[in-house]
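Working notes, beginning with the structure itself.
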């Protein structure tokens, strides 16, 4: 791994860590009044529950993006200006996720806030996908022997979150009560893709043995 790629990898990890930390810092802690009586504490928990749900969903999305980013960097051997800027574009939108998550906590039913949240997720995944497409096209920045199927599989996986984000926009407009449920698709699809890749890998290993 060349020094430019190492530095890009390092700053990517720092941005992911910063995004996760910012979300924790934005979480509203209970005050003394909230803890003074059983009733006030139960009221605080009831009001904090939606915030906790938003936090867990956004944190899961950021974590999945980080896992995919780590997996993507395994195959990249070097970087250039275009790839660096595409990667930085993805990180820039990623850093906006804690902000839009906070807006969603304050105005959970506001359509514009919901659409903005979806657009940030969409743009994060879009730039990540563009970075991979640029790096892998004609094996520009990846291993020359990297299988084309693997290249397409990674691109397909990267596009999961942007596609779900677009679906969530339509759900926010047409069926607002199911808006947050739409993001459950992200971990479900990620797990499903992981199982499919594992089965394909096992099948290939058996074929090689035979």
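Just so it is clear, none of the values below were taken in a lab; they were calculated from the coordinates. Remember, predicted model here, so these are calculated numbers, not experimental data. A quick note on method: Cβ atoms are made from the backbone with ideal geometry, for glycine too, and the neighbour counts reach across all protein chains shown.
Tell me the label-point distance for the pair residue 33, residue 181, using the 7 Å Cα-to-Cβ offset, in nm and rounded to one decimal.
Here the modelled spin labels are 3.6 nm apart.
Please report the spacing between the Cα centers of the stretch 21-60 and the stretch 122-136 in Å, no decimals.
The distance from the Cα centre of the stretch 21-60 to that of the stretch 122-136 comes to 34 Å.
Determine, for 132, 175, 99, the number of other Cβ atoms within 10 Å of each Cβ, and report the residues in order from fewest to most.
The most exposed by this proxy come first: 175, 99, 132.
Given the DSSP H assignment, sum -39500 (n - 2.57) over each helix run of at least 4 residues in the chain and divide by its residue total; what's the result at 222 nm in deg cm²/dmol, nearest 500?
That comes out to -27500 deg cm²/dmol.
Sorted from largest to smallest, which semi-axis lengths in Å does the alpha carbon gyration tensor of the stretch 1-68 give for its equivalent ellipsoid, taking the root of 5 times each eigenvalue?
Square roots of five times the eigenvalues give 37, 12, 5 Å.
Top mean-square fluctuation among 13, 69, 80, Gaussian network model of the chain, C-alpha springs under 10 Å?
Its mean-square fluctuation being the largest, the pick is 80.
Report the calculated FRET efficiency for residue 99 and residue 194 (r = Cβ-Cβ distance, R0 = 30 Å), to the nearest 0.05.
Here the calculated transfer efficiency is 0.50.
Sort 128, 191, 136 so the one with the fewest other Cβ atoms within 10 Å of its own Cβ comes first.
The most exposed by this proxy come first: 191, 136, 128.
Mind sorting 134, 190 by how few other Cβ atoms lie within 10 Å of their own Cβ, fewest first?
Listed from fewest to most nearby Cβ atoms, that is 134, 190.
How big is the Kirkwood radius of the chain, worked out from every pair of different alpha carbons and given in Å to one decimal?
About 18.8 Å, per the Kirkwood formula over Cα pairs.
Can you list the residues of the stretch 127-148 with backbone N under 13 Å from a point 7 Å past the Cα of residue 80, pointing along Cα to Cβ?
So the set is 134-142.
What's the angle, to the nearest 10 degrees (0 to 90), between helix 160-174's Cα axis and the longest principal axis of the chain?
40 degrees
Quick one: if you stick a label point 7 Å off each Cα along the C-beta vector at residue 6 and residue 159, how many nm between them?
Distance between label points: 3.5 nm.
For the stretch 57-174, what class follows from the C-alpha gyration tensor (a ≥ b ≥ c being the square roots of its eigenvalues): rounded when a/c is under 1.5, otherwise prolate if a/b is larger than b/c, else oblate?
On the way: a/c = 2.73, a/b = 2.15, b/c = 1.27.
In terms of gyration-tensor shape, prolate.
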